[in-house]
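Read the structure below first, then the notes.
Where a number appears in this text, it was derived from the coordinates with a stated rule and is not lab data. For clarity, every value in this text was computed on a predicted model and none was experimentally measured. Reconstructed Cβ throughout: ideal geometry from the backbone, glycine too, with neighbour counts over all protein chains shown.
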Amino acid sequence: MAVTLYSSTDTGAPTLTNQPGNIVAILDACLVNGYGSQVAAGWTTAYTGTSQRTYQAASGNKMYLNIDDSQATNWYSRGFATMTAWNTGTGAFPTTTQASGNGTAYSRGNSTTVDREWWVIATPTFFYFIWDYTELTWSTGSVLYGFYFGDFPSYKASDPYSSLIAGGSLQQYIFATSNPGTSTSYSSYFSGYIARKYDGISISSPFILSPVCGYLLAGAGGGQQIGNPGSYFAYPETVTSSLLVSPFYIMEWTGSNPALRGWMPGLYGPASKQPLNQGDTFTGVSGSNLAGKTFQVFNYINGSVGQIFLETSDTWLSTMWQ
């Protein structure tokens with residue numbers, strides 16, 4: 001599965017200001033049309049409007065992503081299982097009860113019109129979109145926000161609803177971990193919505209992210225940014241002199257217990273507090289589960305809070321985490 005990294009620094013890349021239409025222009029260029037020497041990720045545009053789009057992956061579950069980028073302050077998103085026109089369809093996630101209007105709101109940026117940095121890492125069935133809320137060149141005062149949509153590897157056999165969309169109760173929870181054993185995590189600290197619950201019946205199920213290495217990255221509570229754990233290993237780690245990295249489970253709530261639905265493709269985090277720098281790249285060492293994989297570092301939220309690693313090599317699905 002091809003993985004492509006797109007960036008505002010690429011030749012011919014679209015610009016990002018706080019003006020309506022900028023978000024869909026970037027997604028059009030990365031997902032559908034390509035730009036400069038960059039080839040598109042292979043998605044299609046199902047429906048369009050003025051600064052409004054409906055995107056669909058060319059393969060996989062082929063859920064729809066509806067984007068409203070026409071508003072002054074925020075842009076909005078919602079997923080659909082089927083659609084007949086822009087913002088018209090069935091199987092909405094989130095539902096209109098969970099997010100009214102045109103879906104979950106995402107702040108497009110501060111009040112200036114200065115071009116700002118952005119990155120998209122995409123496959124034909126999933127993508128991450130990271131943007132700088134504040135300025136063109138990242139600094140310790142920058143605020144990076146994120147969004148993601150698409151199919152994830154599911155532990156459930158024959159899972160046609162293994163598609164998710166970012167959109168928790170607060171922007172900072174999109175890349176945050178929570179204690180999977182508490183119902184509060186799924187009502188207050190969730191990261192987004194899955195098209196349908198593990199039972200295949202209930203529409204739009206909230207999910208949380210939980211590190212494969214246990215509660216370490218989440219600390220004791222919920223809504224803890226990845227890369228800013230409540231307790232953490234030293235970097236380099238004391239015994240192994242290495243960087244400890246964890247992928248992330250996707251968890252749902254059964255009503256009494258957590259349910260392990262799948263894992264996040266291409267997303268990893270450190271078991272240390274911001275051990276690397278914004279924009280760093282690294283390769284997994286030989287003999288590890290990450291051998292040969294390449295990553296780019298993003299200091300999520302701002303220069304002193306979270307940190308995530310997004311895989312830039314085309315091996316997102318090569319390891320099934322158990």
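Overview of results
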item: Cβ-derived FRET efficiency at R0 51 Å, Ser318 paired with Thr113, nearest 0.05; result: 0.75
item: Cα centre as origin, Lys/Arg/Asp/Glu Cβ charges: the stretch 4-311 dipole, Debye; result: 520
item: Residue-averaged [θ]222 nm for the chain, counting only DSSP H segments that reach four residues, each worth -39500 (n - 2.57); result: -1000 deg cm²/dmol
item: Hydrodynamic radius (Kirkwood) for the stretch 17-154, which is based on Cα pairs only, to one decimal in Å; result: 15.4
item: Extension reserve of the Thr84-Ser286 stretch, reckoned as 0.36 nm per residue once the Cα distance is removed; result: 67.8 nm
item: Options Asn110, Thr88, Trp75, ranked by Cα towards positive dipole end of the stretch 4-311, top entry (Cβ charges); result: Thr88
item: Unit Cα scatterers, Debye sum, the chain: log10 I(q)/I(0) for q = 0.12 Å⁻¹; result: -0.77
item: Cross-link reach list, lysines versus Lys156, counting only Cα pairs under 24 Å and skipping chain neighbours closer than eight places; result: Lys62, Lys197
item: Label-point gap, in nm, between Met1 and Ala72 - each point 7 angstrom along Cα→Cβ; result: 4.1
item: Hits among lysines - C-alpha to C-alpha of Lys293 under 24 Å, sequence gap 8 or more where chains match; result: Lys273
item: 15 Å beta-carbon shell around Thr45, net charge (K/R +1, D/E -1); result: -1
